[in-house]
Amino acid sequence: MKDTKDILKDNSQVKIMAILNYTADSFYDGGKYNTPEKFFQRAEQCVKEGADILDIGVASSRPGAPLIEPQKEWGLIQPLLTAVRKQFPETLISIDTYNAFTAEKCIELGADIINDISGGQFDKKMFDVISDHPSIFYVLMHTSDIPERMQQKTNYQNIVNDIQQYFAERIKALENRGFYNIIIDPGFGFGKTMEQNYELLERLEEFQIFNKPLLAGLSRKSMIYKKLNSTADSYETLIGTIILNTKAVMKGVRILRVHDVKENVILKTIY
């Protein structure tokens, strides 16, 4: 496994994380890349367009989506990760999973990053697995609950302060285990109303208090297309994504998780 520390901790340049969904039901690109041939073509396209990280996921986390069983998830991911790791040895590979079993197996196969939407909430073994591999990176995201219930739990006393407390507790738990390679993600769209999402965007710089790389996943989300009275796949939503990503970068975000690599990679040059 390559050493990712210098690349991911370097705040001098924006990094692009390309979303690679091997799913039939993701909110934007579900069904587009859910065959091996289409998936590998998409991976190659993303790398050619300038992606620094390929984020592989096989289970939708859209609002209302059910959780996936670890064994089923691993069965889907294993051949994809094996092939992508071989085909792109110099590209950072992230695995979008909340299952500790899947995370451990993927780390053994050469994954550089575990991207956990649950921040260790859905599988209590996750932090133990992660801390056993101190050279990888772990994306610690905030969500209020599992996808089936998260939009029913949007009550915060102060959304930024509450999420800061969430991060503080989990960062401490990981660092007490000797794990420090943490990336934080406020979780746009996960247990937040539209108004709360935009408040988070306005106050993103407040998460720099943790001195951890900051990731934002705004790409084509409903907070954009609903505000535009549009759809997830529209041109207007793409432009809205780029605008919001630009604002996020100006507020300290250095990893952008996107569907559209070519259109967002320009932010690497400008910032």
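The values are calculated or read from the model by the stated rules, or taken from the named source; none is laboratory data. None of these values were measured; they are calculated from a predicted model. Note that we place each Cβ from the backbone using ideal geometry, even for glycine, and neighbour counts take in every protein chain shown.
Summary table below
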{"read-out": "Qualifying positions in segment 60-84 - over 28 Å from Thr154 (Cα atoms) and of a type in the set (A, V, I, L, M, F, W, C)", "value": "Trp74, Leu76, Ile77, Leu80, Leu81, Ala83, Val84"}
{"read-out": "Test: residue in segment 121-135 that is within 22 Å of Lys15 (Cβ to Cβ) and in contact (Cβ under 8 Å) with a residue 60 or more places away in the chain", "value": "yes"}
{"read-out": "Any hit, segment 140-154, residues being touching a residue at least 60 places away in the same chain (Cβ under 8 Å), buried (at least 16 other Cβ atoms within 10 Å of the Cβ) and touching a Phe, Trp or Tyr at 6+ places or on another chain (Cβ under 6 Å)", "value": "yes"}
{"read-out": "Odd one out for Arg257, checked against (1) without any contact (Cβ under 8 Å) to a residue 60 or more places away in the chain; (2) within 18 Å of the chain's Cα centre (by Cα)", "value": "(1)"}
{"read-out": "Residue that is farthest from the chain's Cα centre (by Cα) [pool: residues in segment 205-217 that are under 15 Å from Leu256 (Cα atoms) and either of a type in the set (Gly, Ala, Ser) or crowded, with 20+ Cβ neighbours inside 10 Å (or both)]", "value": "Pro213"}
{"read-out": "Within segment 58-79, considering residues that are touching a Phe, Trp or Tyr at 6+ places or on another chain (Cβ under 7 Å) and at pLDDT 95 or above, the one surrounded by the fewest Cβ atoms within 10 Å (Cβ to Cβ)", "value": "Pro70"}
{"read-out": "Test: residue in segment 40-53 that is within 22 Å of Asp123 (Cβ to Cβ), at pLDDT below 95 and aromatic (Phe, Trp, Tyr)", "value": "no"}
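Residue-by-condition table, conditions (1) β-branched (Val, Ile, Thr); (2) crowded, with 21+ Cβ neighbours inside 10 Å; (3) modelled with pLDDT under 95:
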site: Gln165; (1), (2), (3): no, no, no
site: Asn176; (1), (2), (3): no, no, no
site: Ile184; (1), (2), (3): yes, yes, no
site: Leu200; (1), (2), (3): no, yes, no
